[in-house]
Every structure is written in structure tokens, then in C-alpha cells.
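Everything below concerns the one structure shown next.
The values are calculated or read from the model by the stated rules, or taken from the named source; none is laboratory data. This structure is a prediction, so every number in the text was calculated from the model and none was measured. Here Cβ is always computed from backbone atoms with ideal geometry, including for glycine, and neighbour counts include all displayed protein chains. Heads up: the accessible areas ignore ligands, DNA and RNA and are worked out on the full protein's heavy atoms, side chains in. Shrake-Rupley method; radii C 1.70, N 1.55, O 1.52, S 1.80 Å.
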Amino acid sequence: MSTTATARPAATTASDDFLGHPKGVYVCFFTEMWERFSFYGMKALLLLYLLQHHKFGDRAGLDVLGAYGGLVYCVPVIGGLLADRFLGMRKAVIFGGLLLVAGHAGMAFEGTAATTINGVVTRDEGALRIFYLSLSLIIMGVGFLKPNVSTIVGRLYPENDPRRDSGFSLFVAGINLGALFASIVCGYLGQRYGWKYGFGAAGIGMLLGLVQFLWGRRYLRDVAEPPAPLSRSREWTIYGLALLGLLPVGWLMDAVTSIQLGPTTIRWTYCIVVMALAGIVWTMWYGWRRGEGARLPLSRHAPSLLGFAALGVLVIWLSQRYGVLDFFVEEATLALVLMSVVFLAVGFWYVGFVTRGCSKVEAQRMGAMMVLIFAALVFYTLYEQTYGSWVTFNDRLMGKDLIPSLVVREGTPWPWSIVALLMAPMAFMVASTLSERNPASSAPKAFFLIAVAAMLVALLHDALVLPQSAGSLTYLGALFIVLLAPLFAVIWAWLDKRGLDPSKPTKSAMGLLFGGLSFLPLVFAAQQAGATGEMASVWWLVLAYLLLELGEMCLYPVGLSAVTQLSVPRVVSLMMGTWFLATAFSETLAALFGKLAAIEVPEGETMNIAEAAAKYADLFTLLMWLGVGCAVVAFLVSPLLRRMMHGVK
């Protein structure tokens, strides 16, 4: 094989297109839909499962959730690298899919529910070991599958194909469609019929996604093959090392609750991270101040280095004075410390690269990009509360049904979405086959579009008629993304034509502002529940999700675009990995903040609603001000960041 996969032209034939896009895009659409269905379906239940079935406390449950979320976003960096250099994307996706199917199958094994006798919790340790192994299988599977499906979509279009952007929009719709149906189906089944039904549905979904991908391989136009001939021994070595990697990942998932780090270790880690941040900020200042000529020796910058070091020391002193450092010492986990070590490695590399390997313009663009990555870290620390404190708050102190009068409470209603989810991929497979036999016929397109319409009808039915739960209501996030994405595309285009389109830094600041404000309705809901002793209205949660997704629509696309545009070309892949590492770090930070509202109710006692509501109100108020405060800072520095971007729009 003398021609690499990246160099192959994506041949286009009439029979290879469907509704204006390559059929391979739809194969990736449904594969990713099922993968996100399984991922978010499991995540919607994960914290509640730990709290209610295995009787973990809030703190331990959030620790596991944070470690799991962090690793899920770390491992794809490795999976993408292995696919690019050795396996090729097709083999990586298939291997990742097999791991995911095995992981979700393991999650369906509940074991015996935990019991509490005289204040002592007895858990099924065998079931917990299977649980941790299953999580490690899912983490590793996502690492191999997720980054490579996205890459396949881009390669299915010829260079400069105008359909590429709309093709990615279609693919992103598949991601959100999977997340949307996941919460409704898996969340509903898990809490109404039993955890194994919810986790089992997620596993079946991933199996169907893998079958869909294998069926549609012929539509991938050979763009997903290995970049060079791969020996069988090397291929199996990669698979073997990945399977061996399951052991440390599974151990870490267990260790976050069983290993308590010493306070000295955490204090030193905190101090080193703060000083590293001060160094990164100095690097941005250095890039802004230096000239284009010969670089001065770093010794000439000793005064500024000492100044930023003093700033770091001041932050540490303030953290100690106001209890922030003590909070980290008490609540930080092994996962957070390991994430900090990774952050330090990336930070030291960044400082060295920018000071020694970049021109002034490159250094300033890289600095602007790092600020936007930090904004994303803050935003997703807020966002991931939707699977942590928002879930437990909704479970304990909020109503669940949007329109109670429409809800069917008698009998055992099953989600219509199950049938709709099966119908749409099958409809594509049938329509694709029919279109090959008669390309001129409009019947296949009509058949497929009718199936899509049936999915939307099923979604509306399940959202209004089925009794909702804290797990199933996590569908609201994906629902608002699906509704808002077309609207934002129109708004940005309309503003751009009039020269009013906000800059990337301004959009990121807007995202932080909406992210912070999304907690305000929940503050009101907590205060209402605490004052009345009754469940707060679920519509407070709906409003919170609307504001949060407005923020994500402002920040997320901008951040990904900025990484590709502002990075020095030779390190763009590494910087995209840094983006995902920031997302991983935000998962562990989100769990850390969530523990501020941890509620531990002794066996045989009932939860004090007023005290619980006050805890949640305090947490939501803190996070609201965190988001709003960072947004104010982002708005203030956005003119400077625009100048540092040197014309990049």
C-alpha cells in the first residue's frame, strides 16, 4: 500500500450519496448516536445507582463520577494517536465498540443491593469489582471509538467540498440525538424497572451501533484504513496493551474512594499548580511584551518572573486565609492529583515551547488560545453539575413531570422511543439499499424522512406522558442543543453580514455568563423548597438548562474553532488534546465542588429539607458567582485577546 489513507481521494458516485451527503456520513451518524446513547444513558444513572443501590455517600459517589468523567476525556487523546499512526480509524472504532459492549454488559450486573445494619454498610464486593472493571472497559472503549468516528466524517468529503460544514452539523445532531434519547430511555428504565434494565439498554444500543458500523463499512470509501501496512503482531500488541491498561484504570476507579491522600501531598500539589499557573500567565505576558528581534536571555526577565511568582504566592496565602486550601486538602482525590500532574506536564511544555519555539505573533495567538481553553475549563466545571448536584437536587427536592395532568401513572408504560430508535437506523439501511437499486426514485428518501418524523413524535410522547425521574430529565440539555443549534447558526450568520458578529473571546465570555446565570433559577428553587418544605417546580430546572445550553452554544463551537486556528500548525493536535484534557480536569473539579452540597442521612432518619435546601442554595450561589465573575473578567480582557489573535476571526 503506497498511498496513505489521508491521501486517498474520496470518490463520489451518485449511488454513494443520500440526501445530499455521502452515505458514510450517515453510517457515522448512527454509530455515534448509539455510542452517545450508551454513554449518556449510563451516565444519567451512574450517580443515582451508586447512592441508592450500593449506598455510597454523596462524597464517594461524586468522587467516582469525577474520576470516570475525567478519564473518559483523557483516553481519547491516546486512542486518536494510535489510530493515526498504526491502527487506522476503522479498526480503532471496531475495537472501541467491542470494549464498550463488554463494559455495558458488565454494568447490567447489579449484584446484591447494599444493606445498612447498625450504621454499618455491607456491599456486594464482587459486584463492585465487576462495576469498576466495566467502567474501565467503557473508558477505554470511548477512547478508541469517539475521536476516530469524528475524523472519518471529515475525510469522507473531498478537499474544499462545500458540504463539509453541513455534514459535521448533521453528525453533531446524531451526537445530541443519542444523548437526548439516552436519558429518556435508559434513565426511565433504570429507575422504574431496575438498574440492570437501564444499563442493559445502553449496552444493547452500543451493540446496535457496532453492527451498524460493520454493515456500513463499504460506504467509508477506504478513508478509515491504516496509514501504512500493519503487521498482525503489532496490531495485536496494541490490543493487548489496551487490555492491560484496563487494570490500572479499574484500580484508579476503586482507589478514588478507598485511598485517602495525605494532607501534605495535597497541599504541595495545590501550591505547585498555582505557581505553574503563574508561570503560564507570565508566558502570555512575555509573548505580549517581547520584540520580534533576537530573543533576550530569560535572566533579563528576572524582575517580571519574580513579580508573577509573588502573585502566585499571594493566591496561595489568600487560599489559606479563606479556607480554600483546607477544602482541597479535605476533599481532593487521587484522580484530581493525577490530573494535576498531567496539567503540570502540559504547562511546563507550553512555557518552554512559547518562550523558545514561537515568534511573537505565534506566542500571542497561543496565549489567547490558552485563555479560551481556561474559559472552557471553568464553563464545563459548571456544566458537569448537570450529572452531579443537579441530579441529586432534582431527585430530592424537585418535582419531575413537566405537565402532570398528561402523565400516565397506571400500568407499566414503555417508552415509544425504543421503537423509534430501532426504526430510524433500519430505515436508513433499507432506504440506502433501495436507492442503490433505483437512484432516481424518491421513495427511499421519503421512507427515511418518515422514520425521522416518527422519532420526533415518540420523543414528544415520552417527554410528556412517561413519569420522569431525576435521571431521565437530564435529556433537557440535549433537547435544548438540538433546538438552539439551528437558531444560533442563523443568528451568527445574520450578525456577520452586518459586521456585528462577536469575536471569539466575547462569545466565550457570553458562554461563561449564561453558565453562571443558569444556577440562579436553582437558587430560587432551593429557597422555595426550603421555605415551604415541598418539592420545587421542575420548570426551574427547565429554565436552568435553557440558560446553560445558551452558554454552551456560545462557547463550545468557538473553543474548538479557536484551537485549530490559533495553534501553531505543528502542535495543533497536541493543543486539541489539551482542550480535552481541560474538559477532563473540569470533570474532577465539578465533582469537588458538588461535595459542598453533600448530604449524608443516617440510616433510619429522614432528610431535613430545610438544611438540604440551604446547602444546595449555597452551592448554586457560589457557582453562579464563579461563572459571572469569570465572565466579567473575560469581557474585560476580550479586547486584549482580540489583538493577540492578530486578525484570526
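Here are the numbers for this structure:
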{"read-out": "Those residues of the stretch 558-607 which are in contact with a Lys or Arg (Cβ under 6 Å, 6 or more places away or on another chain) and either free of Cβ contacts under 8 Å to residues at least 60 places away in the same chain or charged (D, E, K, R) (or both), in sequence order", "value": "K595"}
{"read-out": "Residue among G111, G106 that is over 20 Å from C28 (Cα atoms), over 21 Å from the mean Cα position of the chain (by Cα) and modelled with pLDDT of 90 or more", "value": "G106"}
{"read-out": "Flag for L62 being open to solvent by 10 Å² or more (accessible area, probe 1.4 Å), at pLDDT 85 or above, over 22 Å from L421 (Cα atoms) and in a helix (DSSP H, G or I)", "value": "yes"}
{"read-out": "Condition check for L241: at pLDDT 90 or above and either over 30 Å from R643 (Cβ atoms) or surrounded by fewer than 14 Cβ atoms within 10 Å (Cβ to Cβ) (or both)", "value": "yes"}
{"read-out": "Filter result for S567 (open to solvent by less than 20 Å² (accessible area, probe 1.4 Å) and not charged (D, E, K, R))", "value": "yes"}
{"read-out": "Residue within the stretch 207-225 that is within 22 Å of the chain's Cα centre (by Cα), crowded, with 24+ Cβ neighbours inside 10 Å and either part of a helix (DSSP H, G or I) or on the phi < 0 side of the Ramachandran plot (or both) present", "value": "yes"}
{"read-out": "Scan of the stretch 564-581 for residues that are within 13 Å of A363 (Cα to Cα), in contact with a helix residue (DSSP H, G or I) (Cβ under 6 Å, 6 or more places away or on another chain) and not hydrophobic (A, V, I, L, M, F, W, C), ordered by number", "value": "S567"}
{"read-out": "Residue in the stretch 184-204 that is charged (D, E, K, R) and either within 30 Å of L19 (Cβ to Cβ) or free of Cβ contacts under 8 Å to residues at least 40 places away in the same chain (or both) present", "value": "no"}
{"read-out": "Wholly within the stretch 317-418, helices (runs of 4 or more DSSP H) carrying at least 2 residues that are of a type in the set (D, E)", "value": "324-331"}
{"read-out": "Residue check, M553 surrounded by fewer than 20 Cβ atoms within 10 Å (Cβ to Cβ), assigned to a helix (DSSP H, G or I) and not small (G, A, S)", "value": "no"}
{"read-out": "Pair list, Cβ < 8 Å and 6+ apart or interchain, from the stretch 483-509 residues that are in contact (Cβ under 8 Å) with a residue 24 or more places away in the chain and closer than 19 Å to F171 by Cβ to residues that are open to solvent by 60 Å² or more (accessible area, probe 1.4 Å) and not basic (K, R)", "value": "A485/S169; A485/V172; A489/S169"}
{"read-out": "Any chance D84 is surrounded by 19 or more Cβ atoms within 10 Å (Cβ to Cβ) and at pLDDT below 85", "value": "yes"}
{"read-out": "From the options G111, G106, residue that is touching a helix residue (DSSP H, G or I) at 6+ places or on another chain (Cβ under 7 Å), without any contact (Cβ under 8 Å) to a residue 60 or more places away in the chain and within 17 Å of Q52 (Cα to Cα)", "value": "G111"}
{"read-out": "From A463, A485, A446, residue being under 30 Å from M644 (Cα atoms), part of a helix (DSSP H, G or I) and of a type outside the set (S, T, Y)", "value": "A485"}
{"read-out": "Residue in the stretch 283-290 that is under 25 Å from the mean Cα position of the chain (by Cα), buried (at least 19 other Cβ atoms within 10 Å of the Cβ) and not in a loop (DSSP other than H, G, I, E, B) present", "value": "no"}
{"read-out": "Members of the stretch 244-282 found to be surrounded by fewer than 16 Cβ atoms within 10 Å (Cβ to Cβ), under 28 Å from the mean Cα position of the chain (by Cα) and of a type outside the set (A, V, I, L, M, F, W, C), listed by number", "value": "P248, S258, Q260"}
